[in-house]
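Visitor: Take a look at this one; I'll ask things after.
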Amino acid sequence: MAYKSGFVALLGRPNVGKSTLLNALTGHKVAIVTPKPQTTRQRIRGIVHEERGELVLVDTPGIHRPRTRLGYHMVRSAQAAAKDVDLVWHVVDLERGLHVEDRWVADVVRRVDAPAWLVANKIDRVSDWRVAVAPFRELAAYAAVFPVSALTGAGVGELKDAAFEALPEGPQMFPDDMVTDQAEDVWIAEVIREKVLELTREEVPHSVAVVVEEKVPRRADLTYVRATIYVERDSQRGILIGEEGRMLKEIGRRAREDLETLWGHPVYLELWVKAQRHWRDRDDWLRRFGYGLADR
Ligand SMILES: Nc1nc2c(ncn2[C@@H]2O[C@H](COP(=O)(O)OP(=O)(O)OP(=O)(O)O)[C@@H](O)[C@H]2O)c(=O)[nH]1
Ligand SMILES: [Mg+2]
């Protein structure tokens, strides 16, 4: 059997389950997942290695109407990710149904040369996926429609099989043990941001960026990590620290548990919170956080 390899871009509006699908297909927590829209801010590759080939999935920020420079860069990076891929998946949320943002995604999908598949996610939340998917079918000339639940795994195997089938023959591009192109520090910062998103509401989740400042092995069995959580206002800083530091402690506890699970040894996580006014609209800060760079 010929070895297949290629790229698949996962496009969709925010919160439809793109990152959940990426994680389900790779079998790793490559991207963070939260119930909040606009969780993913950068393109993230996840790599599925199998004997039959290599499937490189490109997770992207949800396409929406940007209100900040950050939002603008997010949407741009999603659009850019759709170029030079072998396949595009338009991921939609059957539970919440058709939204104007799905039309904007379809506009992007129609402009790319690669074949597009409609990936109808959250089938676990609807009684009849065929009925729920009907309004989406007309958005673009989809070459195929796949009903899945990224959460339960239903249909995900079929989607993967079909993707391998569709990929061109080609060489392996990434080492066997590489499941993502995301640097480890970035992944750590993302895990911390995930906990902030879980624990905060309204504008706070959107105002948060995390930078890992230091990561050093203290002993053979302990890693020390120091990170700064940036917010936009002093009031948000107060929320993140919480009464007697309780909120920050909880963020740290949850993040530390995830890191310890992955690394299999204790972690000492030190978190700081700083306010940086309007960082979402400042290109210098966006670059510092790694958000301003053009992808691919
Ligand atoms: N019931 C159900 N929930 C799902 C499914 N897939 C994802 N979710 C949930 O939907 C929410 C959003 O999931 P994400 O994977 O973060 O969505 P996303 O498309 O990556 O979102 P952005 O990064 O904001 O663009 C989370 O609460 C997931 O647990 C599914 O198949 N069924
Ligand atoms: Mg995401």
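The values are calculated or read from the model by the stated rules, or taken from the named source; none is laboratory data. These numbers come from a predicted model, not from an experiment. Every residue, glycine among them, receives a Cβ derived from its backbone with ideal geometry; neighbour counts consider all protein chains shown.
So that you can scan it fast, the table gives a plain yes or no per residue for (1) under 18 Å from the mean Cα position of the chain (by Cα); (2) within 16 Å of ligand 2 (Cβ to nearest atom); (3) not in a helix (DSSP H, G or I):
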site: 89; (1), (2), (3): yes, yes, yes
site: 96; (1), (2), (3): no, yes, yes
site: 104; (1), (2), (3): no, no, no
site: 118; (1), (2), (3): no, no, yes
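Visitor: Out of the residues in the range 242-296 that are among the basic types (Lys, Arg) and part of a helix (DSSP H, G or I), state the one that is farthest from residue 225 (Cα to Cα). Steps first, answer last, please.
Guide: Going through the range 242-296, the residues among the basic types (Lys, Arg) turn out to be 246, 249, 253-254, 256, 274, 277, 280, 282, 287-288, 296.
Retained after the next criterion (residues that are part of a helix (DSSP H, G or I)): 246, 249, 253-254, 256, 280, 287-288.
Values: 246: 19, 249: 14, 253: 13, 254: 14, 256: 9, 280: 25, 287: 22, 288: 19 Å.
Among those that are among the basic types (Lys, Arg) and part of a helix (DSSP H, G or I), it is 280.
Visitor: What single numbered condition from (1) assigned to a helix (DSSP H, G or I); (2) in the same structural domain as residue 26 (by TED's automatic domain parsing); (3) surrounded by fewer than 18 Cβ atoms within 10 Å (Cβ to Cβ) fails to hold for residue 108?
Guide: (3)
Visitor: Let me ask another. May I ask you to verify whether residue 140 is within 21 Å of residue 22 (Cα to Cα) and assigned by TED's automatic domain parsing to the domain that holds residue 104?
Guide: No.
Visitor: Within the range 3-51, which residues are more than 20 Å from residue 148 (Cα to Cα), within 10 Å of ligand 1 (Cβ to nearest atom) and not in a loop (DSSP other than H, G, I, E, B)?
Guide: If the condition is that a residue be more than 20 Å from residue 148 (Cα to Cα), within 10 Å of ligand 1 (Cβ to nearest atom) and not in a loop (DSSP other than H, G, I, E, B), then 44 is the only one that fits.
Visitor: Within the range 66-86, does at least one residue satisfy the condition of being within 15 Å of ligand 2 (Cβ to nearest atom) and either among the charged types (D, E, K, R) or not assigned by TED's automatic domain parsing to the domain that holds residue 148 (or both)?
Guide: Checking the range 66-86: not a single residue is within 15 Å of ligand 2 (Cβ to nearest atom) and either among the charged types (D, E, K, R) or not assigned by TED's automatic domain parsing to the domain that holds residue 148 (or both).
Visitor: If you check residue 73 against the conditions, is it within 15 Å of the chain's Cα centre (by Cα) and farther than 25 Å from residue 151 by Cα? Outline the logic, then answer.
Guide: Numbers: within 15 Å of the chain's Cα centre (by Cα): yes; farther than 25 Å from residue 151 by Cα: yes.
Yes, satisfied.
Results for (1) more than 22 Å from residue 60 (Cβ to Cβ); (2) under 23 Å from the mean Cα position of the chain (by Cα), shown as yes or no for each residue.
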| position | (1), (2) |
| --- | --- |
| 179 | no, yes |
| 221 | yes, no |
| 246 | yes, no |
| 252 | yes, yes |
| 292 | no, yes |
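Visitor: Given the condition in a strand (DSSP E or B) and within 16 Å of ligand 2 (Cβ to nearest atom), answer yes or no: does some residue in the range 135-145 qualify?
Guide: Pass one, the range 135-145, residues in a strand (DSSP E or B): 144-145.
Subsequent filtering for residues that are within 16 Å of ligand 2 (Cβ to nearest atom) retains none.
Checked the range 135-145: no residue is in a strand (DSSP E or B) and within 16 Å of ligand 2 (Cβ to nearest atom).
Visitor: Scanning for something in a loop (DSSP other than H, G, I, E, B) and assigned by TED's automatic domain parsing to the domain that holds residue 280, does the range 211-220 turn up at least one residue?
Guide: So far as the range 211-220 goes, yes, one or more of its residues are in a loop (DSSP other than H, G, I, E, B) and assigned by TED's automatic domain parsing to the domain that holds residue 280.
Visitor: Another question about this same structure. If a residue must be touching a residue at least 24 places away in the same chain (Cβ under 8 Å) and over 16 Å from residue 92 (Cβ atoms), how many such residues does the range 121-161 contain? Lay out the reasoning, then the answer.
Guide: Applying the first criterion (touching a residue at least 24 places away in the same chain (Cβ under 8 Å)) to the range 121-161 yields 121-126, 129, 132-133, 135-136, 139-156, 159-160.
Restricting the remaining residues to those that are over 16 Å from residue 92 (Cβ atoms) gives 152-153, 160.
Of the residues in that region, 3 qualify.
Visitor: Quick one: residue 81 ticks every box in (1) surrounded by 24 or more Cβ atoms within 10 Å (Cβ to Cβ); (2) in contact (Cβ under 8 Å) with a residue 60 or more places away in the chain; (3) under 10 Å from the mean Cα position of the chain (by Cα) bar one, so which box is it?
Guide: For residue 81, the failing item is (3).
Visitor: What do you reckon, is residue 16 more than 17 Å from residue 194 (Cβ to Cβ) and within 12 Å of ligand 2 (Cβ to nearest atom)? Can you show your working first?
Guide: On the way: more than 17 Å from residue 194 (Cβ to Cβ): yes; within 12 Å of ligand 2 (Cβ to nearest atom): yes.
Taking the combined requirement at face value, the residue satisfies it.
Visitor: Right, something else. When you scan the range 101-116, do you find a residue that is within 16 Å of ligand 1 (Cβ to nearest atom) and closer than 27 Å to residue 175 by Cα, even just one?
Guide: no
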